[in-house]
1. Between Ile53 and His77, what FRET efficiency follows from the Cβ-Cβ distance if R0 is 25 Å, with the result rounded to 0.05?
2. Placing +1 at every Lys and Arg Cβ and -1 at every Asp and Glu Cβ, with all other atoms neutral, what dipole size does the chain have around its Cα centre, in debye to the nearest 20?
3. Hey, with R₀ at 22 Å, roughly what FRET efficiency would Phe1 and Glu61 work out to, going by the Cβ-Cβ distance, to 0.05?
4. With +1 on the Cβ of every Lys and Arg and -1 on the Cβ of every Asp and Glu, and nothing else charged, how large is the dipole of segment 50-129 about its Cα centre, in debye rounded to the nearest 20?
5. Can you give me the distance in nm between label points at Trp124 and Asn40, each placed 7 Å from the Cα along the Cα-to-Cβ direction?
6. With every protein chain left in place and a probe of 1.4 Å, what is the accessible surface of Thr108, to the nearest 10 Å²?
7. Quick one: what are the phi-derived ³J(HN,Hα) couplings along segment 42-55, Karplus 6.51/-1.76/1.60 with θ = phi - 60°, whole Hz, x for glycine and proline?
8. If you plug each phi of segment 12-25 into the Karplus form 6.51 cos²θ - 1.76 cosθ + 1.60 with θ = phi - 60°, what whole-Hz ³J(HN,Hα) values come out, in order, with x for Gly and Pro?
Amino acid sequence: FNQLCAFKAKSGHCDVSTHDVQNKSLGQWVRQQRLLYKRNVLSSDRKQQLNSIGFIWDPLEHTWDEHFDQLCTFNAHNGHCNVSKNDERKKPMGNRVSRQRESYKKNTLSASRIEQLNSIGFIWAIRDHSSENE
């Protein structure tokens, strides 16, 4: 835990990769903590300790939430969520929006994510929506 605190002080986060050669054993320890947490066998003291330093339990979910927040900001400024993949400055966000639509079509997007996106007026079938407005 102390090594993780030192890593965070230096890097600003607790997400240590197992591929980080300099911190490989710490990355494995972080992965183990997440696994124990997921299995619900991590002690409450350890959970509290890790929470106190801003430990991210699910990095993928955390990243999705950060991207959703960015989309909410875009929506607030533009009045819609239709981010163009052609705008170089917004290309990563446009690609993420496109992937959400693809996942929705394939029925691989979770109900909670669909609900989140619906809550900000996300349009799932952009072609259908644009033809309604013509």
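The values are calculated or read from the model by the stated rules, or taken from the named source; none is laboratory data. As the structure is a prediction and not an experimental result, all values here were calculated from the model. Note: ideal-geometry Cβ built from the backbone for every residue, glycine included; neighbour counts use all protein chains shown. Heavy atoms of the whole protein, side chains included, go into the accessibility calculation; ligands, DNA and RNA do not. Shrake-Rupley method; radii C 1.70, N 1.55, O 1.52, S 1.80 Å.
1. 0.15
2. Using Cβ point charges on Lys, Arg, Asp and Glu, the chain gives about 560 debye.
3. Taking R0 as 22 Å, the efficiency between Phe1 and Glu61 is 0.45.
4. It works out to roughly 420 debye.
5. For Trp124 paired with Asn40, the spin-label model returns 3.1 nm.
6. 100 Å²
7. Ordered by residue, 3J(HN,Hα) equals 7, 4, 5, 5, 5, 4, 4, 4, 5, 4, 5, 10, x, 5 Hz.
8. Listing the rounded values in order: x, 8, 10, 8, 8, 7, 6, 8, 6, 4, 6, 10, 4, 5 Hz.
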